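A quick write-up on the structure given underneath.
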C-alpha cells in the first residue's frame with residue numbers, strides 16, 4: 001500500500017521527526033504528527049512483524065505473488081501519540097516506560113490501535129496499572145466498592161467517560177488476568193448511572209453483574225470458536 005503521489009518525490013521529502021526514527025530501519029510509514037502535518041516514520045520491518053500480525057500482512061501481503069516486502073505504508077489515520085507508544089515498545093525503546101502515565105484520551109487511543117492491529121500484547125506488562133491509575137484503584141477494589149454502594153443505596157456513579165473507558169479497555173484486553181472484571185464493572189456503572197433507564201436501578205446487583213458477565217463470556221466463547 002504505497003502512499004506516494006505525483007508531488008511526493010525525493011525532491012520534496014516530508015520531514016522525519018527524530019522520535020519516529022528507529023534504527024536500523026528499512027520501512028517508512030506516512031504518519032500524522034501532533035501539529036496535524038504529515039511526516040515519515042522510519043521503522044524496522046522485523047520489529048513490526050513480531051509486534052503485529054496485521055503489520056506483518058501489510059509488509060508481506062499473503063494475497064501477493066511477490067516475495068518482496070512492501071516498503072511504504074499509510075498510517076496517517078492513526079493517532080500519532082498512541083502510534084508512537086506502540087512503535088517505541090515494538091522497537092524495545094523502553095526507557096521511561098515505568099514512569100509513563102498516559103492520559104485517559106491516550107489510553108483510549110492505545111486500546112483502539114491495539115484492537116485495530118491485534119497487538120495488545122505490546123502493552124500487557126503495563127495496561128492494568130494504567131487502568132488502575134485512572135479508575136481510582138485496582139479493578140477488583142472498584143467492583144467491591146460498587147457492590148457496597150449498591151447495598152447501601154448510596155451509589156455515586158463515576159463519569160460516563162470513565163465507564164466507557166473501563167468497558168473499552170476491559171473488552172480489548174479481556175485476556176489480561178488483572179482486567180477480567182473491568183468490562184463487567186464498566187457496564188454495571190453505565191447501566192446504573194443511566195437516567196434514561198431507571199428500571200435498571202431496581203435490578204439486584206448480583207443479577208445485573210451475572211447478566212453482564214454472562215454476555216461477556218458468551219461473546220468470548222463465540223470468538224474463540226471462530227478462531
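Do the conditions hold for residue 116, that is, is it assigned by TED's automatic domain parsing to the domain that holds residue 16 and either touching a residue at least 60 places away in the same chain (Cβ under 8 Å) or under 19 Å from residue 16 (Cβ atoms) (or both)? Judged against the criteria, residue 116 is a match.
Here residue 69 meets each of (1) surrounded by fewer than 19 Cβ atoms within 10 Å (Cβ to Cβ); (2) in a helix (DSSP H, G or I); (3) touching a helix residue (DSSP H, G or I) at 6+ places or on another chain (Cβ under 6 Å) with one exception, condition (2). Scan region 82-93 and tell me whether some residue there is in a loop (DSSP other than H, G, I, E, B) and touching a helix residue (DSSP H, G or I) at 6+ places or on another chain (Cβ under 6 Å). Yes, because at least one residue in region 82-93 is in a loop (DSSP other than H, G, I, E, B) and touching a helix residue (DSSP H, G or I) at 6+ places or on another chain (Cβ under 6 Å).
The values are calculated or read from the model by the stated rules, or taken from the named source; none is laboratory data. In this text, all values refer to a predicted model and were calculated from it rather than measured experimentally. Note that we place each Cβ from the backbone using ideal geometry, even for glycine, and neighbour counts take in every protein chain shown.
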